[in-house]
Amino acid sequence: MPLNIVVGITGGIAAYKAVGVVRALVLAGHDVHVVPTEGALRFVGKPTLEAISRNPVHTDLYEGVAEVRHVAIGQAADLIVIAPATANAIAKLAAGLADDLLGNTVLASEAPIVIAPAMHTEMWANAATQANVATLRARGVTVVGPAVGQLTGADSGPGRMEEPEAIVAAALAVVDARVAGDPGRDAPATGDLAGRRVVVTAGGTREPLDPVRFLGNRSSGKQGIALAEAARARGAEVTLIAANLEVADPAGCDIRRVSTALELRDALRAAVAGADVVVMAAAVADYRPAAVSESKIKKDQSDAGLTLELVRNPDILAELGAAPHDGTLLVGFAAETESDADRLLELGRAKRRAKRADLLVVNRVGWHAGFAADDNDVVVIGRDDRIVTEVRGTKSSVAHGIMDVVVSELGTAADGAASTR
Ligand code: CTP
């Protein structure tokens, strides 16, 4: 069914990529009305937006007053997508300002809102921006990205606008969830993790050697995805930091894609503010090549071997554990090949202490167990080295077993009522 979609464009360099969002929505058969801010029109021209959207484009609050345009556009909308959403635009949305046509459109609308933030890393990490984003999330706004990568200048980090296809997919999924009666992000969720924000890392990092090769590991991401799905099903708002997943994306989660350990660390730092729980299910490379070759490494014509120099990656979980993280429950994983059960537990206990995690999930991996399998067998170690639970079964039942422990650690009432931090 064609939707009436408002695409708000605010004034950042990523505005040029918003043309791709408009185009994809139009090609999918939707009726798209673009509402750029004055700032956005400094980056992309009105004729471009009119041609691509196939509709007139308005910005001025004082045009079209006879048709009460400042409320009509919002009232007719089935969905509002704001891409890029600058730090300033996010602050204005959080405050409910209506000093331009986009602000009025948003306030006059009951449609779900999806925003794709884009800004420099420091601006995204700033406490003011994070508080504004948390306010919007609490109101049911879906936040897509930002992605981690090269920014406008020489710098890189979290802050890049997500790619247009990812924004369009996330935006249309929000409408589908509404139509299907899923509470999604636009109604208060129920469940014993309702009102909680859970960040899950999943998959395995890849450390590039040259343009065609990397050092990786055998993690498929299945257990991490199952954890994200379990948290979502129990009412949490879930951010999934996905490293090279070999399985389909879970529904209803805010997904941030990364590849290397350093990218995962950046994405986690951006996502962790205000999180109630961080679950480190990703298999993170402990080492990366000291240098990445710009061109494919050619083999030596002699029969000599090749020695690679590796440098240590940061221990991301240990960094989180060492930093103040008041109110954020840290759940780590331990992948071990030890076959002796007691020795395995000892390794898990030592790992939990070293990384200062609140809970540590120990699972045995080997050539055949753990990584790509559909089943898993884990022991969860709590503070004071006690075994909190042991779960065996499908990765989904293991995920729910782990979430049971998370819920009791958070002290959430078992009746499913949302609790406050
Ligand atoms: N981890 C991390 N950063 C790393 C390595 C691991 O945050 N550089 C996290 C993993 O996501 C997991 C936990 O630490 O939650 C344990 O990972 P594991 O690979 O079992 O342990 P390592 O710290 O790599 O220790 P070792 O390989 O020496 O057993």
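The values are calculated or read from the model by the stated rules, or taken from the named source; none is laboratory data. Just so it is clear, the model here is predicted, and its values are computed rather than measured. FYI the Cβ positions are ideal-geometry reconstructions off the backbone, even for glycines, and counts take in every protein chain you see. Quick note on the areas: whole protein, heavy atoms, side chains included, nothing else; ligands and nucleic acids left out. Shrake-Rupley method; radii C 1.70, N 1.55, O 1.52, S 1.80 Å.
Any idea which residue in the range 289-316 is farthest from residue 228 (Cα to Cα), counting only those that are open to solvent by less than 70 Å² (accessible area, probe 1.4 Å) and more than 10 Å from the ligand (Cβ to nearest atom)? If we take residues in the range 289-316 being open to solvent by less than 70 Å² (accessible area, probe 1.4 Å) and more than 10 Å from the ligand (Cβ to nearest atom), then 302 is farthest from residue 228 (Cα to Cα). Residues in the range 117-131 that are out of contact with any Asp or Glu (no Cβ under 8 Å at 6 or more places or on another chain) and surrounded by fewer than 21 Cβ atoms within 10 Å (Cβ to Cβ) were compared, and the one that is nearest to residue 13 (Cα to Cα) is 123. Tell me which residues, restricted to the range 391-408, are surrounded by fewer than 17 Cβ atoms within 10 Å (Cβ to Cβ) and in contact with an Asp or Glu (Cβ under 8 Å, 6 or more places away or on another chain). The answer is 392, 393, 394. Taken together, the criteria exclude residue 85 from residues that are of a type in the set (A, V, I, L, M, F, W, C), in the same structural domain as residue 126 (by TED's automatic domain parsing), more than 13 Å from residue 11 (Cβ to Cβ) and open to solvent by less than 20 Å² (accessible area, probe 1.4 Å).
Here's the yes/no breakdown for (1) under 20 Å from residue 159 (Cα atoms); (2) among the aromatic types (Phe, Trp, Tyr); (3) touching a residue at least 60 places away in the same chain (Cβ under 8 Å):
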| position | (1), (2), (3) |
| --- | --- |
| 17 | yes, no, yes |
| 40 | yes, no, no |
| 53 | no, no, no |
| 74 | no, no, yes |
| 93 | yes, no, no |
| 96 | no, no, no |
| 101 | no, no, yes |
| 105 | no, no, yes |
| 112 | no, no, yes |
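The condition (being within 12 Å of the ligand (Cβ to nearest atom), of a type outside the set (Ser, Thr, Tyr), assigned by TED's automatic domain parsing to the domain that holds residue 272 and modelled with pLDDT under 95) is satisfied by just one residue among 330, 344, 320: 344. For the range 4-51, the set of residues classified as over 22 Å from residue 63 (Cα atoms) and open to solvent by less than 20 Å² (accessible area, probe 1.4 Å) consists of 12, 14, 15, 18, 21, 22, 25, 26, listed by residue number. Report yes if some residue within the range 370-377 is under 23 Å from the mean Cα position of the chain (by Cα), in a strand (DSSP E or B) and at pLDDT 85 or above; otherwise report no. Checking the range 370-377: not a single residue is under 23 Å from the mean Cα position of the chain (by Cα), in a strand (DSSP E or B) and at pLDDT 85 or above.
Among the criteria (1) within 29 Å of residue 407 (Cβ to Cβ); (2) away from the ligand (no atom under 14 Å from the Cβ); (3) modelled with pLDDT of 95 or more; (4) among the β-branched types (Val, Ile, Thr), the one residue 277 does not fulfil is (2).
Yes/no per residue for (1) of a type in the set (Asp, Glu); (2) surrounded by 21 or more Cβ atoms within 10 Å (Cβ to Cβ); (3) within 15 Å of the ligand (Cβ to nearest atom):
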position: 234; (1), (2), (3): no, yes, no
position: 237; (1), (2), (3): yes, yes, no
position: 243; (1), (2), (3): no, yes, yes
position: 248; (1), (2), (3): no, no, no
position: 253; (1), (2), (3): no, yes, no
position: 258; (1), (2), (3): no, yes, yes
position: 261; (1), (2), (3): no, yes, yes
position: 268; (1), (2), (3): no, yes, yes
position: 272; (1), (2), (3): no, no, yes
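In the range 196-219, the residues that are on the phi < 0 side of the Ramachandran plot and part of a loop (DSSP other than H, G, I, E, B) form Cβ pairs under 7 Å with partners that are of a type in the set (D, E, K, R) and open to solvent by less than 10 Å² (accessible area, probe 1.4 Å), at six or more places apart or across chains, as follows: 196/276. If only residues of the range 347-359 that are outside any helix (DSSP H, G or I) and more than 8 Å from the ligand (Cβ to nearest atom) are counted, the one that is most open to solvent (accessible area, probe 1.4 Å) is 356.
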